[in-house]
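Here's the structure, in structure tokens; my notes come after.
The values are calculated or read from the model by the stated rules, or taken from the named source; none is laboratory data. In this text the structure is predicted, and so the values were computed from the model without any measurement. As a convention, Cβ positions derive from the backbone with ideal geometry for all residues, glycine included, and neighbour counts pool all protein chains shown. Protein only, heavy atoms only, side chains kept; ligands, DNA and RNA dropped before computing areas. Shrake-Rupley method; radii C 1.70, N 1.55, O 1.52, S 1.80 Å.
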Amino acid sequence: DEYTIYVQDVHQRWYKASLLGPCMDLPFATAVRFDVRGTHTLDRFSSVIVNGRRCPFQSFVESGPPPGEKPARHKG
């Protein structure tokens, strides 16, 4: 929705970013960028950029997959 984005890292872990306010184009975006403010780490001080509009994170926490997403199966 316009208040939440889920991010999956290269290790198949999911993170949920709650946004400071609505990011109106987010539910319809086909691509997004992240602003990590000069660091190499996506964290609660980051923002998602959708159609040129910066949407700051309010929180960024490890979570399960987004609703409707099947959990990743581990190979092994």
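Tabulated data for the structure shown
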quantity	calculated
Residue count, segment 23-35 (criterion: open to solvent by less than 50 Å² (accessible area, probe 1.4 Å) and assigned to a loop (DSSP other than H, G, I, E, B))	2
Residue that is modelled with the highest pLDDT, among those in segment 36-48 that are surrounded by 15 or more Cβ atoms within 10 Å (Cβ to Cβ) and of a type outside the set (Ser, Thr, Tyr)	VAL48
